[in-house]
Each structure stands twice: as structure tokens, then as C-alpha cells.
Amino acid sequence: MPKDVCCRLHALRKSSGYTLEYVGNAIGVTRATVQRYESGKIKNIPYEKINKLSILFHVSVAFILGW
């Protein structure tokens, strides 16, 4: 995952006031997985999870991916 996507996810979570655990529960992954998404350790976030993140943060998938 490009670094800007990771930073965007982190910024969206922080600006929403959500914890790693809350986001994980909302999209069906562990808090550690969300942390790995934000740090870039997981390179390919499944589309299903990106879609759930976009719904949670009220943004488009295109915004998350930087399109």
C-alpha cells in the first residue's frame, strides 16, 4: 500500500476520534491488523475492507486510495 494511503487511513481514524480497536471491530479485523494497514506492513488491503473503511469514515474508496 502506498505510504500516502497509510497516512490517509491514520489521519481519518484520528480525526474521527476512533481507536484501532473500534475500527477493527467495525470492519471485521483485529486492532493489530488496522495498525498494520496504517503502518504499511500489510501491502494489499482487501477491497472489501477498503470499502468498509470508506463507509465508516464517510469518504469514497477513491479518496482513501488517493485517486
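Listing for the model above:
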{"read-out": "Positions within the stretch 31-44 being outside any helix (DSSP H, G or I) and either open to solvent by 40 Å² or more (accessible area, probe 1.4 Å) or modelled with pLDDT of 95 or more (or both), in sequence order", "value": "K41, I42, K43, N44"}
{"read-out": "Candidate set from the stretch 48-67 (those that are open to solvent by 60 Å² or more (accessible area, probe 1.4 Å) and touching a residue at least 12 places away in the same chain (Cβ under 8 Å)); member that is nearest to L9 (Cα to Cα)", "value": "F63"}
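The values are calculated or read from the model by the stated rules, or taken from the named source; none is laboratory data. Treat the numbers as computed from the prediction; the structure is a model and nothing was measured. Note that we place each Cβ from the backbone using ideal geometry, even for glycine, and neighbour counts take in every protein chain shown. Heavy atoms of the whole protein, side chains included, go into the accessibility calculation; ligands, DNA and RNA do not. Shrake-Rupley method; radii C 1.70, N 1.55, O 1.52, S 1.80 Å.
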